[in-house]
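Since the structure comes first, as structure tokens, the remarks are kept for the end.
Throughout, read-outs are computed from the coordinates displayed, never taken from laboratory work. As the structure is a prediction and not an experimental result, all values here were calculated from the model. When we count neighbours, we look across all protein chains shown, and the Cβ atoms used for this are built from the backbone with ideal geometry, even at glycine.
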């Protein structure tokens, strides 16, 4: 897939079909973008599982924080990544080890690694990078 741009219909379809989101890099700090995006997704009706090893067992926005994707007790539709771009290859490996696998990996603004995306997509996991669902949702869905 081309990762320089995405058609609006694709982004809208992802946002409408997704129900369960794993939010990697979730922060309890309300000033952090991950915290605000998590709150937004919860308000829109998504089930959001925050993932942050340093916060595991605590809660963010009333949701239990997990140490890893493998700890989440239900299938995930999308992994929303709030981590540095150089973490993406390891995240792809973690996603590919899941059974069932999420349909999507979504790299937040500034999170892009084309080689990691190619690896995920070769294994059947689609990738969106350098986008924010909290920006795209109001733009495309309202």
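Quick notes on this one:
- Subset of the stretch 1-31 [touching a residue at least 24 places away in the same chain (Cβ under 8 Å) and closer than 16 Å to residue 59 by Cα]: 21, 22, 23, 24, 25, 26, 27, 28
- The one condition from (1) buried (at least 22 other Cβ atoms within 10 Å of the Cβ); (2) part of a loop (DSSP other than H, G, I, E, B) that residue 38 does not meet is (2).
- Conditions (1) touching a strand residue (DSSP E or B) at 6+ places or on another chain (Cβ under 8 Å); (2) assigned to a helix (DSSP H, G or I); (3) surrounded by fewer than 17 Cβ atoms within 10 Å (Cβ to Cβ); number of the one not met by residue 130: (2)
- Some residue of the stretch 72-86 being touching a helix residue (DSSP H, G or I) at 6+ places or on another chain (Cβ under 7 Å), surrounded by fewer than 19 Cβ atoms within 10 Å (Cβ to Cβ) and in a helix (DSSP H, G or I): no
- Residue count, the stretch 87-110 (criterion: in a loop (DSSP other than H, G, I, E, B) and under 21 Å from residue 44 (Cβ atoms)): 4
- With respect to (1) on the phi > 0 side of the Ramachandran plot; (2) touching a strand residue (DSSP E or B) at 6+ places or on another chain (Cβ under 8 Å); (3) without any contact (Cβ under 8 Å) to a residue 24 or more places away in the chain, the lone exception for residue 61 is condition (3).
- Selection from the stretch 102-116 of residues that are crowded, with 18+ Cβ neighbours inside 10 Å and farther than 14 Å from residue 131 by Cα: 102, 116
- Test result for residue 2, surrounded by fewer than 17 Cβ atoms within 10 Å (Cβ to Cβ) and in a loop (DSSP other than H, G, I, E, B): yes
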